[in-house]
1. Scanning the stretch 1-59 for residues that are of a type in the set (A, V, I, L, M), within 30 Å of residue 102 (Cα to Cα) and modelled with pLDDT under 70, which turns out nearest to the chain's Cα centre (by Cα)?
2. I want to confirm something. Restricting to the stretch 87-117 and keeping residues that are among the small types (Gly, Ala, Ser), modelled with pLDDT of 90 or more and under 28 Å from residue 50 (Cα atoms), which single residue is nearest to the chain's Cα centre (by Cα)?
3. Can you find, within the stretch 60-86, the residue that is surrounded by the most Cβ atoms within 10 Å (Cβ to Cβ) among those that are at pLDDT 75 or above and among the small types (Gly, Ala, Ser)?
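The values are calculated or read from the model by the stated rules, or taken from the named source; none is laboratory data. Remember, predicted model here, so these are calculated numbers, not experimental data. Cβ coordinates were reconstructed from backbone atoms using ideal geometry, including for glycine residues, and neighbour counts include every protein chain displayed.
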Amino acid sequence: MEAATRNAMHSEQLNRRNLGAQRWGVVLLVFNLIGAIVYVCLASHAWAIPREKGLHSETAEPFIWFLFAAPIFAIFCVVNVIWGVLILVRRRWRSGYLWLLTALIWLVAAVIDFAHH
């Protein structure tokens, strides 16, 4: 009887741990979604004016992009690399699905940004 009680307690602790890991994964996913939206909004300051498409302008667009968008992108790259390493070290494969979804979110944000340059 004691072994069954210990197994039930151990199983309950594992379920709490997995639930906690899933919560953090969802929090990080939402955080990345908000970050990608902020990235696109800040990067839009450096987008080419539609009437000037095709012209070789000598403006500061790359510098504006680097000033506004690059820090956001860099911060989230560091956060996501740390998150990925934690997934690998702790073998939380279900959180890995959320991490891959985060990569897709940032890919869409980058495509939106580069489509307007």
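1. In this case the residue turns out to be 21.
2. Checking each candidate, the answer is 109.
3. 69
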